[in-house]
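Throughout, read-outs are computed from the coordinates displayed, never taken from laboratory work. All values derive from a computational prediction rather than experimental measurement. Cβ atoms come from the backbone with ideal geometry, glycine included; neighbour counts cover every protein chain shown.
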């Protein structure tokens, strides 16, 4: 994963139509084989993503599929940044099924579930 990949994600987020903006998000990071970023740069880019969500005001759940490796590292950094917002609940999952079940749950976003991995 490079800076360009993350910036493309950010552009897509900014272009999300309002009518689907508050639907849960499924992000598959299981295929990331390498992070071509220093830790500080990764943290800074995650904070940019956080800022985009903050500006949007969306209330949503974000399920990140990242069983192992660099995708898991990226998911943790991004999850930490996003979970600092009261309107979001980002969680990391080992399986697609668990991630999709989390998104189907119609309970409100809850702070007591933050930073859990399933």
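Let's test the formula: R0 of 25 Å, r as the Cβ-Cβ distance of residue 38 and residue 12. What FRET efficiency results, to the nearest 0.05?
After rounding, the FRET efficiency stands at 0.60.
Cβ neighbours within 10 Å, averaged per peptide: list 61-73, 44-56 in order, most packed at the top.
Answer by packing, highest mean first, reads 61-73, 44-56.
What distance in nm separates the two pseudo spin-label positions at residue 59 and residue 98, each 7 Å out from Cα along the beta-carbon direction?
2.7 nm
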